[in-house]
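*Asks:* I am attaching a structure below and will ask some questions about it afterwards.
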């Protein structure tokens, strides 16, 4: 068993269940994360950047429809308007 892939899968499934819940306020989660350890904040940003890069790929590959089109387009804009170096988050 690939432990890292299993952990990633469990984390993604937990996030999916959470975000799919009724009455979830993403802003509340953001506020909690903003109070977390600064290194964790950096990792959250790295995650967000990686997600936007993946959204850009969805847009380029046509992997979108009306439900995720805005995400795909935002990802595309983000990648087009930033350099790879600007998107790189150092591990501190």
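The values are calculated or read from the model by the stated rules, or taken from the named source; none is laboratory data. This is a predicted model, so every value here is computed, not measured. Here Cβ is always computed from backbone atoms with ideal geometry, including for glycine, and neighbour counts include all displayed protein chains.
*Asks:* Sort out which residues of the stretch 47-68 are over 23 Å from residue 30 (Cβ atoms) and either touching a residue at least 60 places away in the same chain (Cβ under 8 Å) or exposed (fewer than 15 other Cβ atoms within 10 Å of the Cβ) (or both), and write them in order of number.
*Replies:* Answer for the stretch 47-68, where residues must be over 23 Å from residue 30 (Cβ atoms) and either touching a residue at least 60 places away in the same chain (Cβ under 8 Å) or exposed (fewer than 15 other Cβ atoms within 10 Å of the Cβ) (or both): 57, 60, 61, 62, 63, 65, 66.
*Asks:* Please list, ordered by first then second residue, the pairs with beta carbon atoms under 9 Å, 6 or more apart or interchain, first in the stretch 1-21 and part of a helix (DSSP H, G or I), second at pLDDT below 90 and surrounded by 10 or more Cβ atoms within 10 Å (Cβ to Cβ).
*Replies:* 18/24
*Asks:* Take residue 89 and tell me if it is within 25 Å of residue 30 (Cα to Cα) and buried (at least 16 other Cβ atoms within 10 Å of the Cβ).
*Replies:* no
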